[in-house]
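Comments concern the structure below.
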Amino acid sequence: MNILLAFKAEPDLSMLAEADWQAAARGILGPDPSLTRLLMGTDEQGAAELMLQARDVNPALTLNAVTLGEERALPALRHLAALGFVRQTLLMSREDMRFNPAFVAAQLAILVREQNAKLVLLGSQSSEGQNGQTAWLLAEMLGWPCISSVCGLNVDGDGWVVESENVQQRSRWRIQQPAVLRVQNRGQMALRVPGMRARLAAAKAEIEQRRCESGVAKALSCLALERNIVRRSGIIIDEATLQTAVQRLWREYLAERMKP
């Protein structure tokens, strides 16, 4: 049975300094994401680990991976190859895919049908576009159900047991048909690290590179970005001594809240 991981190799924006964002806000040369390394998102790493755990239980599973982008995404695919993913595909595209989930979903739907995948795992949203729509659109194009907030995946005979969790409850689903799983990693899942021998072998692994299909969806272009700065109001307690400041904090702000 084929399981497909669809992920986005996104730039590590945490490497950008505050000055880079301030320069972009002033309308001059802003941060260039092409200079940062590309990483798998936290949700996608959790999805990959769930797939590896399922294969540990059922070695007959075939794990595949796909991403859209350019050659800078190859290291992420080779990392998965070192972990035992069988087939890695890079869909080459120079289109701006950050805010075009329909285009991404259409390309993934073509590959899912070609590989006859029975289960597709995606992250909830990327750190760039953050639209959170790709998984839903892919499920609609395939005619499959979509389960969100997935945090667990177990083999159950010829089917699957999928666990999902939100703020209010934790659900367990038994599925016997192809499905799209939208994984959300809140820190409870960490992708395992391959050994040195596996890394060296993956450096020579064959990765399929192909152009995206044209005409399946209209590509969009981002014209401008504006950073939304959220500021919180606050009160500065300015007293002569620390003891006086603590007494005022208790008297004016904490004492009322401590009453039963």
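The values are calculated or read from the model by the stated rules, or taken from the named source; none is laboratory data. All figures in this text were calculated on a predicted structure; none of them were measured in a lab. Neighbour counts run over all protein chains shown; Cβ positions are idealised from the backbone, glycine included. Accessible surface is based on the protein model in full, side chains and every heavy atom, while ligands, DNA and RNA are left aside. Shrake-Rupley method; radii C 1.70, N 1.55, O 1.52, S 1.80 Å.
Here are a few things to note about the model shown:
- Any hit, region 76-85, residues being at positive phi, at pLDDT 90 or above and open to solvent by less than 60 Å² (accessible area, probe 1.4 Å): yes
- Pairs, first without any contact (Cβ under 8 Å) to a residue 24 or more places away in the chain and in a helix (DSSP H, G or I) in region 236-247, second acidic (D, E) and surrounded by 12 or more Cβ atoms within 10 Å (Cβ to Cβ), C-beta under 7 Å, six or more apart: A245/E239
- Hits in region 144-190 (condition: modelled with pLDDT under 95, open to solvent by 30 Å² or more (accessible area, probe 1.4 Å) and among the aromatic types (F, W, Y)): W173
- Conditions (1) touching a residue at least 12 places away in the same chain (Cβ under 8 Å); (2) at negative phi; number of the one not met by E114: (1)
- Residue match in region 41-53 (condition: at pLDDT below 95, buried (at least 17 other Cβ atoms within 10 Å of the Cβ) and more than 16 Å from the chain's Cα centre (by Cα)): no
- Hey, A219 at pLDDT below 90, outside any helix (DSSP H, G or I) and under 30 Å from T89 (Cβ atoms) or not: yes
- Among the conditions (1) under 17 Å from A9 (Cβ atoms); (2) touching a Cys at 6+ places or on another chain (Cβ under 9 Å); (3) of a type in the set (G, A, S), the only one that A139 does not satisfy is (1).
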